[in-house]
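Comments concern the structure below.
FYI, it's all coordinate maths here, none of it is from the lab. For clarity, every value in this text was computed on a predicted model and none was experimentally measured. No Cβ is skipped: glycine too gets one built from the backbone with ideal geometry, and neighbour counts run over all protein chains shown.
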Amino acid sequence: MIPELSSPSVCMRDPPRVEEIIKTMQKAGTSTIQVISDFDMTLTRFAYNGKRCPTSHNILDNSKLISEECKAQLKDLLNTYYPIEIDSKRTAEEKLPLMVEWWTKAHTLLVQQRIRKDMLQDVVKESDAMLREGYQLFFDHLQEHSIPLLIFSAGVGDVLEEVIRQAGVFHPNVKVFSNYMDFDETGVLKAFKGELIHIYNKREGALLNTGHFQELKSRHNVLLVGDSLGDLTMADGVHSMENILKIGFLNDKVEERKTSYLNAYDIVLVKDETMEVLNALLLHLT
Ligand code: TMP
Ligand code: MG
C-alpha cells in the first residue's frame, strides 16, 4: 500500500491491522485527523555522523549560559538517569520517581544559572540541534492540509519553540505542551511554570489541557509519534477517539527494547533518523 512501509527500518507486530487503520483514516479524510508528537529524539535526530544530538535540555546544558561547574553536574545527572530512562529491566512504576528526581534536579540547576530570556535565540542558533531529515515536508504538509500538530514534550518549551521557529516551521497549526520557563521582570529565569511534565506523566498533562482537545473534538483519528514508552499516553485527552496509529522511533538499546516497542507501537522505526515513513504515510492520507 505504502512502499516506505517495506523499508528495512520498519517493524510491525501486525501489518494487516496497520493497513486497516490507514485505510479507515484515509476514507474518513483529513478533516478527521490530528497529529500528536513528542519532540526530543522524535522530531529531532538522535544522532548525526555517529555523534549524539542534543535534547532541548541539552541545548541549554551545553551552552555558554551555563558555568563549567554546573555543566559537570548536569552531565552527571544525564549519566545517572538516562540509563535508567532506557533500562528495559525496570518497570515504568520503578522509573517514575527517579525521572521526577532527574527533572527536578536539572530544573533547579538551570534556575541557579540565572539564564536570560534574550540569550535563548543565540543559544539555539549556536547549538547542534537537528530536526530529522524530511522535517520540512512533514511540517509544511500538515499546515497545507490544516491538520493540527500538537508537540507534547517533557523538554523545555521555550527552547523547542525556538528550534522550530529558526527552522521556519512554527506554523499556525502547531501547538506545544511543554515545560515553560518563568522569567522575572528583568528577563532572568526564576522558575518553571505550571505542573512539571516528565517522561511518565504525559497522561496527566493531557488531561490538564482539556480545552485544546475540546477544540479538536471532531478529529477522532490520531497519529501518535514518539520515541519513549511514556509517549504512548500523549493522546489520552482526545475526545471519543476512533482510530489511533502509534509510530515509535526506537533509537537506542534496540535489541533489549524491540519486543516492548513492537507490543506498544503499531509501527516501530528502528534506528531511522528520517521522517520518510511518516511523510509517506501523510501523503497517502491526504
Ligand atoms: P521529550 O518528551 O521531548 O522527548 O523530552 C524528554 C527527554 O529529555 C528525555 O528523553 C530525557 C531528556 N532530558 C535531558 O536530556 N536532560 C535533562 O536534564 C532532562 C530532565 C531530560
Ligand atoms: Mg522523546
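Compute the relative contact order of the chain as a whole-number percentage, counting only Cα pairs closer than 8 Å that sit 6 or more residues apart in sequence. Before the final figure, lay out the partial values.
On the way: 464 pairs, mean separation 84.4, N = 286.
Reported as a whole number, the value is 30 percent.
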Check: When Lys and Arg each count +1 and Asp and Glu each count -1, what net charge do the other residues less than 14 Å away from Asp76, Cβ to Cβ, add up to?
Finding: -1
Notebook entry, point to check: How big is the antiparallel share of DSSP beta bridges in the chain, given as a percent to the nearest 5?
Noted result: 25 percent
Check: Mind checking which of Ile21, Ile33, Ile151 has the largest fluctuation in a GNM of the chain, springs on alpha carbons under 10 Å?
Finding: Ile21
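Could the peptides 14-20, 266-272 be put in order, highest first, of the mean number of other beta-carbon atoms found within 10 Å of their residues? Don't skip to the answer; put the middle values down first.
Values: 14-20: 13.3, 266-272: 20.4.
Packing proxy ranking, top to bottom: 266-272, 14-20.
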Note to self: Ratio of alpha-carbon Rg to the 2.2 N^0.38 Å globular estimate for the stretch 1-129, to two decimals, please.
What the structure shows: 1.41
Notebook entry, point to check: How many percent of Cα pairs in the stretch 184-286 exceed 17 Å?
Noted result: 63 percent
Next item on the list: Give me the distance in nm between label points sitting 7 Å out from Cα along the Cα-to-Cβ direction at Glu68 and Asp184, one decimal.
Entry: 2.7 nm
Check: Which one of Glu204, Glu255, Glu276 has the biggest mean-square fluctuation once the chain is modelled by GNM with Cα springs under 10 Å?
Finding: Glu255
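May I ask what percent, to the nearest 5, of DSSP beta bridges between residues of the stretch 106-257 are antiparallel? Could you put the intermediate results ahead of the total?
Numbers: 4 of 15 bridges.
Counting DSSP beta bridges with both partners in the stretch 106-257, the antiparallel share is about 25 percent.
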Notebook entry, point to check: In what sequence, highest mean first, do 68-74, 120-126, 138-144 appear when ranked by Cβ atoms within 10 angstrom?
Noted result: 138-144, 120-126, 68-74
Margin query: If you average the C-alpha positions of the stretch 18-56 and of the stretch 141-157 separately, how far apart do those two centres end up, in angstrom?
Written below: 10 Å
Margin query: What would the Debye equation give as log₁₀ I(q)/I(0) for the chain at q = 0.09, 0.13, 0.14 Å⁻¹, counting only Cα atoms as equal point scatterers?
Written below: -0.41, -0.89, -1.04
Margin query: Pick from Gly50, Gly211, Gly155 the residue whose mean-square fluctuation is largest in a GNM of the chain, springs joining Cα atoms under 10 Å.
Written below: Gly50
Notebook entry, point to check: What fraction of the Cα pairs in the stretch 110-189, stated in percent, has a spacing above 16 angstrom?
Noted result: 56 percent
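Where does the charge balance sit around Asn173 when Lys and Arg score +1, Asp and Glu -1, over other residues with C-beta under 15 Å from its C-beta?
On the way: positive: Arg165, Lys175, Arg219; negative: Asp140, Glu144, Glu161, Glu215.
Net charge around Asn173: -1.
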